[in-house]
1. Mind counting the residues in segment 106-119 that are exposed (fewer than 15 other Cβ atoms within 10 Å of the Cβ) and closer than 19 Å to VAL86 by Cβ?
2. Mind listing whichever residues of segment 154-168 are touching a Lys or Arg at 6+ places or on another chain (Cβ under 9 Å) and open to solvent by less than 20 Å² (accessible area, probe 1.4 Å)?
3. Find all pairs meeting these conditions: Cβ atoms under 7 angstrom apart; at least six residues apart or on different chains; first residue within segment 23-48 and closer than 18 Å to TRP139 by Cβ; second residue part of a helix (DSSP H, G or I) and open to solvent by 40 Å² or more (accessible area, probe 1.4 Å).
4. ARG96 versus (1) modelled with pLDDT of 95 or more; (2) surrounded by 19 or more Cβ atoms within 10 Å (Cβ to Cβ): which is the lone unmet condition?
5. Residue check, THR103 against (1) open to solvent by 10 Å² or more (accessible area, probe 1.4 Å); (2) modelled with pLDDT of 95 or more; (3) in contact with a helix residue (DSSP H, G or I) (Cβ under 8 Å, 6 or more places away or on another chain), all met but one. Which one?
6. How many of the residues making up segment 120-144 are open to solvent by less than 70 Å² (accessible area, probe 1.4 Å) and within 20 Å of ILE94 (Cβ to Cβ)?
Amino acid sequence: MNLEKSSAQRWTTTDTAKMAVVTGLYVAVTIVLSVISFGAIQLRVAEMFNYLPLFNKRYTIAVTLGVAIANLASPLGIVDVALGSVSTLIVLLICRGITRKVTNLKKKMIITAFLFAFSMFTVAGQLTFFYQAPFLLNWLIIGLGELLSMSLGGIIIYLINKRIDLTK
């Protein structure tokens, strides 16, 4: 059963608290693992939270805010805050749209993982612009890192969803 709020309904205090927890977790995991969260070779474990909007749309905002806040620690600073959070928001919305009619959770998660891996051209573009790094090579390396992060994180989120109904 889909319990999502319509656009006319307001979020409850509980909804807002859940969003804050997800935002905080994204930031905390990224910062604690900052050594592998930023750069040309990255494995951002917090990307596992990108699956949460598949369960409830409120997490789209939570994850986007988490990316924006975490990217304040990025070597690229405000550029990464702006581009990273806008890119994340767009990809999250695309994932929700594309997977809307897919009923199998595993298929939804696989589609989401590949879309996020593909979207890493934005990170590769930033590195190319600021550090003259080779675009295609960076896109490949960062995309593979994202696919690995999303795959490992997907297993964790899938198992969590077995115990906790993430749609609520």
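1. Counting residues in segment 106-119 that are exposed (fewer than 15 other Cβ atoms within 10 Å of the Cβ) and closer than 19 Å to VAL86 by Cβ gives 1.
2. Of all residues in segment 154-168, those touching a Lys or Arg at 6+ places or on another chain (Cβ under 9 Å) come to 154, 158, 168.
Listed by number, the list holds a single entry, GLY154.
3. ALA40/ILE141; ILE41/ILE141; GLN42/ILE36; LEU43/ILE36; LEU43/LEU148
4. Tallying (1) modelled with pLDDT of 95 or more; (2) surrounded by 19 or more Cβ atoms within 10 Å (Cβ to Cβ), ARG96 fails exactly one: (2).
5. (3)
6. Total satisfying the criteria: 9.
For (1) among the small types (Gly, Ala, Ser); (2) not in a helix (DSSP H, G or I), each residue gets a yes or a no:
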position: LEU83; (1), (2): no, no
position: GLY97; (1), (2): yes, no
position: VAL102; (1), (2): no, yes
position: LYS106; (1), (2): no, no
position: THR112; (1), (2): no, no
position: VAL123; (1), (2): no, no
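The values are calculated or read from the model by the stated rules, or taken from the named source; none is laboratory data. It should be emphasised that the depicted structure is a prediction, and the values quoted were computed from it without experimental measurement. Note that we place each Cβ from the backbone using ideal geometry, even for glycine, and neighbour counts take in every protein chain shown. These accessible areas exclude ligands, DNA and RNA; they are computed on the full protein's heavy atoms, side chains included. Shrake-Rupley method; radii C 1.70, N 1.55, O 1.52, S 1.80 Å.
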